[in-house]
Amino acid sequence: MQVLTAGALYFALAFGAGFILGPVRVRWVVPRVGERTAELLETPIMLVVIMLAARWVARRLGLASTLTTRLGVGGVALGFLLVAELTMVLWLRGLTIGEYVASREPVAGTVYLVMLGVFAVMPLLVARR
């Protein structure tokens, strides 16, 4: 149960930050520098958010530093994130999953996929042994 709670909290923190940064990026950054650069500029900010959120959740909930616990938290959070992302894409943008994947800019899209992996393993990476 602790893994589910921690995963949900970790997801909420990261998704909340992304939900705030997204409109800022779209309204003010994209018109100035373009979609690819705007997404790439947002990436280090989200990396810091992910690191801080993973560390805070682990400390706040006293998570064990075991591989299964930490990857479980990341997996739960990633599951929630993918459901939320796809729901938002399908509902707000009116795209199918295939259209969404095809619409992604190749470089920024690849960085996004890497960041999903980083998001999933970050609870493990911030574990203190």
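For residue 127, no residue has an amide H sitting under 5 Å from its own, ignoring neighbours fewer than 5 places away on the same chain, with H placed 1.01 Å from N.
Using only Cα atoms and rounding to the nearest 10 degrees, what angle (0 to 90) does helix 35-61 make with the longest principal axis of the chain? Rounded to the nearest ten degrees, it is 20.
In the stretch 9-53, the alpha-carbon atoms span a convex hull of 51 Å³ per residue. Starting from the Kirkwood radius over alpha-carbon pairs of the stretch 37-83, derive D by Stokes-Einstein at 10 °C in a medium of 1.306 mPa s and give it in µm² s⁻¹. Calculated translational D: 133 µm²/s. Against the main long axis of the alpha-carbon atoms of the chain, helix 67-92 sits at an angle near 30°.
In the chain, Rg over Rh equals 1.00, where Rg is the alpha-carbon radius of gyration and Rh the Kirkwood radius from pairwise Cα distances.
Coordinate-derived values only; no laboratory data. The model shown is predicted, which means the values in this text are computed figures rather than measured ones.
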